[in-house]
There are 2 protein chains.
Amino acid sequence: MVENFGFQVLATDGLARRGEISMPRGTIRTPAFMPVGTGGTVKAMYMDQVRALGSDIILGNTYHLMLRPGAERVARLGGLHHFARWPHPILTDSGGFQVMSLAKLRKLDERGVTFRSHIDGSPYEMTPERSIEIQGLLDSDIQMQLDECTALPAKPSEIERAMELSLRWAERCKTAFGDQPGKAMFGIVQGGDIAALRIASAKALRQMDLKGYAIGGLAVGEPQPVMLDMLDITCPELPADKPRYLMGVGTPDDILKSVARGVDMFDCVMPTRAGRHGLAYTRRGKINLRNARHADDPRPLDEESDCPASRDYSRAYLHHLVRSQEALAAMLLTWNNLAYYQSLMQQIRDAIEAGNFAERAALITAGWARGDLPPV
Amino acid sequence: MVENFGFQVLATDGLARRGEISMPRGTIRTPAFMPVGTGGTVKAMYMDQVRALGSDIILGNTYHLMLRPGAERVARLGGLHHFARWPHPILTDSGGFQVMSLAKLRKLDERGVTFRSHIDGSPYEMTPERSIEIQGLLDSDIQMQLDECTALPAKPSEIERAMELSLRWAERCKTAFGDQPGKAMFGIVQGGDIAALRIASAKALRQMDLKGYAIGGLAVGEPQPVMLDMLDITCPELPADKPRYLMGVGTPDDILKSVARGVDMFDCVMPTRAGRHGLAYTRRGKINLRNARHADDPRPLDEESDCPASRDYSRAYLHHLVRSQEALAAMLLTWNNLAYYQSLMQQIRDAIEAGNFAERAALITAGWARGDLPPV
């Protein structure tokens with residue numbers, strides 16, 4: 001067991017990196033996809049299943065957990081790993097993104113944000129120091145700085161103000177986090193869709209010598225080419241020997257294209273959320289099980305998959321479960337979707353090691369483009 | 001593998017019977033509890049889990065399945081066992097009970113019932129012959145006669161009319177079912193809370209020489225002593241060498257007291273429905289996880305249980321999941337509840353074999369009466 005947080009690049013292929021993050025609670029193979037376990041549960045999944053699919057780390061949402069069940073309570077109960085029965089690494093966001101998107105009566109100033117809970121209206125204050133304190137109470141392994149994430153499109157002056165504020169908050173979070181060798185606090189590059197601001201943000205964060213760097217404020221409404229441009233500009237500004245985490249991204253296609261630009265870590269609600277809405281990610285693209293074409297189809301989602309949800313249940317049955325709003329629909333489709341995402345990450349890691357990432361990515365993309373099986 | 005439906009009483013203890021139903025698809029250890037798989041799924045459970053808990057047979061609801069996905073469709077897809085991935089025995093009800101409780105614009109006469117679907121309003125007709133046809137399309141192993149179940153309290157003349165109609169429908173179902181050696185069609189004793197009608201119904205059905213006998217129209221609003229009186233009166237009228245199935249019953253206490261009166265089979269939505277409403281059945285009684293007393297409780301529901309849901313998750317976590325309306329709450333509590341019901345049935349079977357059923361039942365009842373653990 002390692003005692004210190006560390007990151008090693010094991011292989012590269014173009015800008016794509018195959019690496020490993022080592023931490024006392026486990027090793028994270030990168031590029032990594034982190035399933036989202038918002039409120040201490042990856043929705044409709046048992047943690048054993050999440051793990052068995054090849055997840056090395058999951059993400060917890062600080063905002064949700066601070067409201068319910070409460071960070072101090074989770075700490076008293078032994079921390080989030082024990083509470084949620086996930087003994088492996090956990091990354092927590094800072095809470096800032098959800099405060100800005102979910103909370104009521106928000107007021108932001110230099111000190112932090114005050115807001116009211118979207119659940120019961122009770123008042124809270126979130127400062128950089130409190131965010132790190134909460135993430136510590138949760139016992140999170142990788143903690144994120146509090147930042148201000150600007151929805152795009154936005155005025156340049158607004159993007160710049162938020163980016164500068166986020167840098168000052170990064171300093172305060174670094175101080176609050178202090179010296180915790182087995183854990184990490186990541187800074188977050190902001191700057192919207194403005195190249196100069198992204199570069200300035202990355203350079204300033206780099207000066208802080210953090211253990212990892214996230215790229216935030218993307219996949220917030222801008223077209224994919226804008227996001228990729230920002231990655232092209234930002235990644236070279238980040239140190240090669242530290243992990244890079246693209247927050248809240250994305251579709252399988254987003255992931256392939258971001259890995260190609262040097263990103264190591266991803267999280268996204270898509271596979272879990274889609275699973276609750278009758279949608280299945282497969283190597284033949286995204287399939288809507290609600291569609292009547294599946295009603296009499298005895299074929300599974302993917303007969304070649306290792307995942308029982310993908311391989312063993314007929315589309316007709318899945319269609320029936322979705323139409324009937326059965327819990328098992330979300331259970332099976334979320335399972336299928338996370339299996340697909342994690343198998344995609346495994347293919348990506350294998351391809352980078354083998355030095356054929358571009359070819360593999362092209363094959364995967366061609367599979368999606370070919371589309372679903374013809375109807376029975 | 002046996003080819004014919006058969007029933008054997010292996011041991012008795014007082015009126016309680018330990019038996020075995022043999023069928024081509026498997027053996028059912030009695031007294032048996034059948035989890036309810038309404039629409040081709042035991043809600044919030046994987047079939048593998050249902051099986052692993054010791055379920056030898058599940059129940060499917062003809063009414064729900066005929067409306068969605070449709071009996072003919074299930075037949076085209078290989079039958080309910082294949083469709084729902086449950087290769088073991090399945091009992092289906094006749095559809096009559098749900099037609100009377102859920103469907104719209106019902107009209108009942110000698111021929112059968114016409115009604116409209118509660119889902120989309122489309123018209124259906126259910127006759128004794130169509131009920132058996134549908135159950136055959138589902139490939140059900142134990143099929144139930146169509147009957148008219150009277151909600152209690154009811155006027156004696158009304159109870160008698162429905163009972164007499166149900167007897168005529170039993171004859172028609174028997175004819176429609178014909179000769180199927182590996183399967184069974186059970187008749188249903190009706191007669192409400194009137195002893196003379198129950199006896200008349202049982203005697204008439206016995207004359208039909210059916211493969212099994214259900215007791216219907218109980219647990220429909222009457223107090224438990226009335227139900228138990230009806231069992232005291234009815235069971236002796238039923239042949240000793242045929243299984244006896246008390247439909248839609250019940251609480252763990254109902255089950256203990258009904259086994260003591262000679263009942264062999266049970267089904268009930270309680271463990272699954274309660275699991276979706278934050279309620280846990282345990283050897284210490286029923287526990288409401290929504291209650292604030294559990295918010296900081298690190299103890300599991302039952303540290304001595306073999307079921308991971310009961311043994312490995314803290315009450316604090318379950319409380320959090322219930323309050324947050326997470327899918328995992330229903331998944332874990334349904335799992336716990338079915339585990340408790342099936343362990344109760346195993347204890348019952350063991351005790352009858354050991355000849356100490358009354359003592360074991362008293363111990364189990366004392367456990368419930370002692371109540372839950374004191375708060376932490």
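The values are calculated or read from the model by the stated rules, or taken from the named source; none is laboratory data. This one's a predicted model, so the numbers in the text were calculated from it and none came from an experiment. With ideal geometry, Cβ positions are generated from the backbone for all residues, glycine too; neighbour counts draw on all protein chains shown. Heavy atoms of the whole protein, side chains included, go into the accessibility calculation; ligands, DNA and RNA do not. Shrake-Rupley method; radii C 1.70, N 1.55, O 1.52, S 1.80 Å.
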Taking Cα atoms, how many degrees apart are the long axis of helix B:195-207 and the longest axis of chain B, rounded to 10 and kept between 0 and 90? 70 degrees
Using alpha carbon centers only, the range B:138-155 is separated from the range B:309-376 by a whole-angstrom value of 30 Å
Amide H of A:ASP297: which non-local residues (sequence gap of 5 or more, or other chain) have their own amide H closer than 5 Å, using H built in the peptide plane? A:ALA316
Carbon + sulfur, % of accessible area of the range A:275-370 - ligands and nucleic acids excluded, 1.4 Å: 48 percent
In whole Hz and in residue order, list the ³J(HN,Hα) couplings for the range A:72-80 that follow from phi through the Karplus curve 6.51 cos²θ - 1.76 cosθ + 1.60, θ = phi - 60°; x for Gly and Pro. 4, 5, 4, 4, 4, 8, x, x, 5
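Please report the carbon-and-sulfur percent of the accessible area for the range A:6-268; probe 1.4 Å, protein heavy atoms only, DNA, RNA and ligands left out.
Values: 4810 of 9140 Å².
C and S fraction of accessible area: 53 percent.
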The range A:65-135: relative contact order as a whole-number percent, Cα under 8 Å and 6+ apart: 24 percent
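Determine the shielding of peptide B:90-97 by partner chains: average, over its residues, the number of Cβ atoms on other chains within 10 angstrom of each Cβ. Before the final figure, lay out each step's value.
On the way: counts 0, 0, 0, 0, 0, 0, 0, 0.
Mean shielding count: 0.
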So which lysines can A:LYS107 reach, going by Cα to Cα under 19 Å and dropping same-chain residues fewer than 8 places off? none
Nearest 500 deg cm²/dmol is fine: what mean residue ellipticity at 222 nm does the protein assembly as shown get from its DSSP H runs of n ≥ 4 alone, each adding -39,500 (n - 2.57), divided by its residue count? -12000 deg cm²/dmol
If one puts a single equal scatterer on every Cα of the range A:6-268 and applies the Debye formula without solvent, what log₁₀ I(q)/I(0) results at q = 0.12, 0.13, 0.14 Å⁻¹? -0.66, -0.79, -0.93
Tally Lys/Arg at +1 and Asp/Glu at -1 over every other residue whose Cβ is under 9 Å from the Cβ of B:LEU210; what's the total? +3
Relative contact order (%) - the range A:33-99, alpha-carbon pairs under 8 angstrom, separation at least six: 38 percent
Please compute, for the alpha-carbon atoms of the range B:185-322, the extent along each of the three principal axes and give them in descending order in Å. 59, 27, 22
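Restricting to Cα pairs below 8 Å that are 6+ residues apart, what does the relative contact order work out to for chain B? Please round to a whole percent. If you can, show how the numbers build up before the last one.
Details: 759 pairs, mean separation 62.3, N = 376.
After rounding, I find 17 percent.
For the cross-link pairs A:LYS183/A:LYS286; A:LYS257/B:LYS43; B:LYS155/B:LYS183; B:LYS183/B:LYS203, which exceed 30 Å when the distance is taken from alpha carbon to alpha carbon?
Exceeds cut-off: A:LYS183/A:LYS286; A:LYS257/B:LYS43; B:LYS155/B:LYS183.
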Please calculate the 1.4 Å probe accessible area of B:MET208, with all protein chains present, and give it to the nearest 10 Å². 10 Å²
Compute the acute angle (0 to 90°) between the alpha-carbon long axis of helix B:156-177 and the principal axis of greatest extent of the alpha-carbon atoms of chain B; round to the nearest 10°. 80 degrees
In degrees rounded to 10, the 0-90 angle between helix A:327-354 Cα long axis and the longest Cα principal axis of chain A is 70 degrees
With solvent modelled as a 1.4 Å probe, how much accessible area in total do chains B and A shield from it at their shared surface, in Å² to the nearest 100? 3000 Å²
Can you compute 3J(HN,Hα) from phi for each residue in the range B:5-18, using the Karplus curve 6.51 cos²θ - 1.76 cosθ + 1.60 with θ = phi - 60°, rounded to whole Hz and x for Gly and Pro? 5, x, 9, 9, 8, 8, 7, 10, 8, x, 8, 6, 10, 10
Mind jotting down the distance between the C-alpha centroids of the range B:1-74 and the range A:40-119, whole Å? 41 Å
Check which residues have an amide H placed less than 5 Å from B:ILE215's amide H, if you skip close sequence neighbours. B:VAL189, B:TYR245, B:LEU246, B:MET247
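Ranking request for peptides B:314-322, A:115-123, A:89-97: highest mean number of other beta-carbon atoms within 10 Å first, then the rest in descending order. Don't skip to the answer; put the middle values down first.
On the way: B:314-322: 24.4, A:115-123: 13.1, A:89-97: 26.4.
Put in order of decreasing packing, that is A:89-97, B:314-322, A:115-123.
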Would you please give the residues with an amide H less than 5 Å from that of B:LYS286, counting only those at least 5 places away or on a separate chain, with H modeled from the backbone geometry? none
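Compute the accessible area per residue over chain A, keeping the other protein chains in place, probe 1.4 Å, unit Å². List each step's numbers first, then the result.
Details: 14070 Å² over 376 residues.
I get 37 Å² per residue for chain A.
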Please compute, for peptide B:69-76, the average count of beta-carbon atoms on other protein chains lying within 10 Å of each residue's beta-carbon. 3
Which residue in chain A puts its Cβ closest to the axis that rotates chain A onto chain B, and at what distance in whole Å? A:ALA327, 3
Between B:ASP48 and A:ARG206, how high is the FRET efficiency from 1/(1 + (r/R0)^6) when r is the Cβ-Cβ distance and R₀ = 45 Å? Nearest 0.05. 0.35
If you project the alpha carbons of the range A:1-116 onto their three principal axes, what span does each projection cover, largest first, in Å? 47, 33, 29
Residue-ordered couplings for the range B:180-189, obtained by feeding phi - 60° into the Karplus form 6.51 cos²θ - 1.76 cosθ + 1.60 and rounding to whole Hz (Gly and Pro as x), are 10, x, x, 10, 9, 10, 9, x, 10, 6
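To check you understand DSSP bridge types, tell me what percent of the beta bridges within the range A:6-268 (both residues inside) are antiparallel, rounded to 5. If you can, show how the numbers build up before the last one.
Numbers: 19 of 40 bridges.
The answer is about 50 percent antiparallel.
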Estimated inter-spin distance, A:VAL2 and B:GLU353, nm [label 7 Å along Cα→Cβ]: 5.3 nm
What is the projected area of the convex hull of the Cα atoms of the range A:275-370, averaged over all directions, in nm²? 5.8 nm²
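When Cβ neighbours within 10 Å are restricted to other protein chains, what is their mean count per residue of peptide A:316-322?
Values: counts 7, 9, 0, 1, 12, 5, 0.
Partner-chain Cβ atoms within 10 Å, mean over residues of A:316-322: 5.
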